[in-house]
Amino acid sequence: MARASRQEEFAVIGLGRFGSSVALNLIERGYTVLGIDRSAEIVQTLSDRISQIVALDSTNEDALRAVDITSFDTVVVAIGTHFENNLMTTVTLKGLGVRRVVCKAISERQQQILLRIGADQVVLPEHEAGARLAWRLAEPRVLEHLDLGSGFSVAEIHVPEWLVGQSLMMSGLRKRYNINLLAIKRNGQMIVTPPADMLFARGDMMLIIGADHSISSFCHQTQ
């Protein structure tokens, strides 16, 4: 098992599909994780995969104090079906002095409310998954996509055939398409900030950054 470079500790409240995925992935990376859910049945089901796990009502301040919740660097509130419980849990955590509270929301309205009451970060997993799918449907050449906000993204694409044999300098990526090349992945190796005279080869992967419309325009170029 890979060990994390930092000794941060996490608590994840709400062990549904999203919350359990977060908890298990953190554990796989070597972090200490406390799993919390209201359902004793869910806790029992996950007890063989999450060693520190407890069933309690996360809106109950005394119950959270009992598990020393403020000792955790980050608490993830992954309660998706009952927004009132999500809200009350977040308020309680911030009131107790938890340093960083990350919440799950299912709408932008919920996101705005959670941020206003003190959540440090709010994620919209369904929205983000939908955005990634939209990119893959609209731009099949984009294999991976990271939305940076404000209309900018990082995208991973196959080097187009018309670029093979050209150098970065010859390609004119910045001048012609207004995008920047961050790295090239070749034969499993990542070449970060490749030199201007490096030639693109068939099978290369490009990691590029730019405005969404610039990336789309580049993906549709044929020469």
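The values are calculated or read from the model by the stated rules, or taken from the named source; none is laboratory data. Everything numeric in this text was worked out from a predicted model, so none of it was measured. For neighbour counting, all protein chains shown are included, and Cβ atoms are generated from backbone atoms with ideal geometry for every residue, glycine included. What goes into the accessible areas is simple: the full protein's heavy atoms, side chains included, and nothing from ligands, DNA or RNA. Shrake-Rupley method; radii C 1.70, N 1.55, O 1.52, S 1.80 Å.
Looking only at residues of region 98-128 that are among the charged types (D, E, K, R) and at pLDDT 90 or above, we find that the one that is surrounded by the most Cβ atoms within 10 Å (Cβ to Cβ) is K104. The set of residues from region 191-201 being surrounded by 12 or more Cβ atoms within 10 Å (Cβ to Cβ) and either on the phi > 0 side of the Ramachandran plot or touching a residue at least 12 places away in the same chain (Cβ under 8 Å) (or both) comprises P194, M198, L199, F200, A201. Within region 159-187, being part of a strand (DSSP E or B) and either surrounded by 15 or more Cβ atoms within 10 Å (Cβ to Cβ) or of a type in the set (K, R) (or both) holds for I179, L181, L182, A183, I184, K185, R186. On the given criteria, is A63 of a type in the set (G, A, S) and either in a strand (DSSP E or B) or open to solvent by 20 Å² or more (accessible area, probe 1.4 Å) (or both)? Answer is yes for this residue. Of the listed requirements (1) among the hydrophobic types (A, V, I, L, M, F, W, C); (2) at pLDDT below 90; (3) not in a strand (DSSP E or B), M190 misses just one: (3). In region 2-30, of all residues being modelled with pLDDT under 90 and under 14 Å from S71 (Cα atoms), the one that is least open to solvent (accessible area, probe 1.4 Å) corresponds to E8.
Only one entry of I215, I208 meets the criterion of being at pLDDT 90 or above, surrounded by 13 or more Cβ atoms within 10 Å (Cβ to Cβ) and within 27 Å of L124 (Cα to Cα), and that entry is I208. Checking S20, S51 one by one, the residue that is among the polar types (S, T, N, Q) and within 22 Å of Q121 (Cβ to Cβ) is S20 and no other.
For region 69-80, the criterion of being open to solvent by 60 Å² or more (accessible area, probe 1.4 Å) and either free of Cβ contacts under 8 Å to residues at least 40 places away in the same chain or closer than 19 Å to Q110 by Cβ (or both) is met by none of the residues.
Restricted to region 73-97, and to residues there that are in a loop (DSSP other than H, G, I, E, B) and over 15 Å from G14 (Cβ atoms), the residue that is modelled with the highest pLDDT is G97. Figure legend. Inter-residue proximity from region 94-107: first residues touching a residue at least 60 places away in the same chain (Cβ under 8 Å), second residues open to solvent by less than 20 Å² (accessible area, probe 1.4 Å) and polar (S, T, N, Q), beta-carbon distance below 9 Å, spacing 6+ or different chains. Indicated pairs: K104/N86.
So is S167 hydroxyl-bearing (S, T, Y) and at pLDDT 90 or above or not? Yes; evaluated as a whole, the condition is true for this residue.
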